[in-house]
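For reference, the structure discussed in these notes is given below.
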Protein chains: 2
Amino acid sequence: MKKSIAIDMDNVIVDIEANWISWYEREFGVTVAREAMHGIPEDQAFPDPLAARSLLYKPGFFRYAPLIAGSQEALLKLQEHFEVYIVSAAMEFPNSLPEKYDWLAEHFPFIHWKNIVFCGDKKVIDTDFLIDDHLKNLDFCKGTPILFTAGHNINVTRHQRVNNWEEAISFFKPHIEGLSIVSELK
Amino acid sequence: MKKSIAIDMDNVIVDIEANWISWYEREFGVTVAREAMHGIPEDQAFPDPLAARSLLYKPGFFRYAPLIAGSQEALLKLQEHFEVYIVSAAMEFPNSLPEKYDWLAEHFPFIHWKNIVFCGDKKVIDTDFLIDDHLKNLDFCKGTPILFTAGHNINVTRHQRVNNWEEAISFFKPHIEGLSIVSELK
């Protein structure tokens, strides 16, 4: 049986930082540098954090967000060897539910609806691996936690870290090769 | 730590049979008896199964469905002793995502968004109990499966069966009492 990987959306396959910066710029005329988000929650990087948070409820915010570089190719590759699930804590922003679904359908049409989970707390999710940018998810996951670098988590020192999808694929290489050997033995 | 229960929506807290029958009647002028659904998939109980299935994609189908009797009181009670999660395979009908969210907000406002999961395959869900009407979910669940009676599953002989929420509460009574003793010992 293939091992399973749960993959978060925002900051992992969705470039929500770039999206947030560009929405703030368009709505409030202030450009925030990406580096301003380093080591702090994203909303705190904006001159008006409450105004920044209000953008999360605007129609289209989640629908037209850009991709994290290399995510499509990486998931396609991982899918050859693993059961890949998209697991997003979308329930906090119910307006995001149809937008995230449509975004996935556009950018990741190879992910079946059976492999999509929109939840609140990820504690009930049981997969062999979880790739996520948040400790609130990684600290309590049942499988192996993998921290995907985002501005807000750059100072985090626990958990295996991958800085991008190239590194993520490298991390899984031994697992992929291990699985190949097992399947050859069968 | 409280034990966790995952609770399905359709046919468990949502009376989707009654809803389907009343939509079919309104749209196609044919009244189907509830007993016609006994032992077969719901759509097969209608003179035109394809037409019946088309209703699942109509705006409002999931939003205004009636409740299963006793479900609100039962979940409120269970929540005192268990971590209660709503886990619905809503991803098959993406139009249902906001409707199911709003339905829950109206009828189960005491269920926090952190405890709601809309998924595809429930295999990745790990809770101590799963109350569901479908074998495709119960057969593969990681906890204790509990079959909630619906017309389509009346001939199923495996898994613990509860016919209604009164019986479900009775089933959990020993677990509740067990938990009380544990908490008294602390």
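Considering only residues in the range B:100-136 that are among the acidic types (Asp, Glu) and buried (at least 19 other Cβ atoms within 10 Å of the Cβ), the one that is farthest from the other protein chains (Cβ to nearest Cβ) turns out to be B:133.
Take residue A:81 and decide whether it is closer than 21 Å to residue A:15 by Cα and either surrounded by fewer than 21 Cβ atoms within 10 Å (Cβ to Cβ) or at pLDDT below 95 (or both). No, not satisfied.
The set of residues in the range B:65-88 that are within 13 Å of chain A (Cβ to nearest Cβ) and either assigned to a loop (DSSP other than H, G, I, E, B) or of a type in the set (Asp, Glu) (or both) contains only B:83. Listed residues B:151, B:143, B:120; which is under 26 Å from residue A:100 (Cβ atoms) and in contact (Cβ under 8 Å) with a residue 24 or more places away in the chain? Among B:151, B:143, B:120, only B:120 is under 26 Å from residue A:100 (Cβ atoms) and in contact (Cβ under 8 Å) with a residue 24 or more places away in the chain. Apart from one condition, residue A:61 fits all of (1) within 14 Å of chain B (Cβ to nearest Cβ); (2) surrounded by fewer than 20 Cβ atoms within 10 Å (Cβ to Cβ); the exception is (1). The set of residues in the range B:89-120 being at pLDDT 95 or above and in a loop (DSSP other than H, G, I, E, B) consists of B:89, B:108, B:109, B:110, B:111, B:112, B:119, B:120.
Yes or no, residue by residue, for (1) in the same structural domain as residue B:115 (by TED's automatic domain parsing); (2) within 28 Å of residue B:172 (Cα to Cα); (3) more than 13 Å from the chain's Cα centre (by Cα):
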| position | (1), (2), (3) |
| --- | --- |
| B:9 | yes, yes, no |
| B:26 | no, no, yes |
| B:32 | no, no, yes |
| B:38 | no, yes, yes |
| B:44 | no, no, yes |
| B:72 | yes, yes, no |
| B:85 | yes, yes, no |
| B:97 | yes, no, yes |
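Residues in the range A:144-186 that are modelled with pLDDT under 95 and either under 23 Å from residue A:90 (Cβ atoms) or in a helix (DSSP H, G or I) (or both): 13 in all. Residue-level analysis places residue A:140 among those that are more than 8 Å from chain B (Cβ to nearest Cβ), under 30 Å from residue B:128 (Cα atoms) and either assigned to a loop (DSSP other than H, G, I, E, B) or of a type in the set (Phe, Trp, Tyr) (or both).
Pairs linking a residue in the range A:1-29 that is more than 18 Å from residue A:63 (Cα to Cα) and away from chain B (no Cβ under 14 Å) to a residue that is of a type in the set (Val, Ile, Thr) and in a loop (DSSP other than H, G, I, E, B), with Cβ atoms under 9 Å and 6 or more positions apart or on different chains, do not occur.
The values are calculated or read from the model by the stated rules, or taken from the named source; none is laboratory data. Values in this document were obtained by computation on a predicted structure and should not be read as measured data. Glycine gets a Cβ as well: all are built from the backbone with ideal geometry, and neighbour counts include every protein chain shown.
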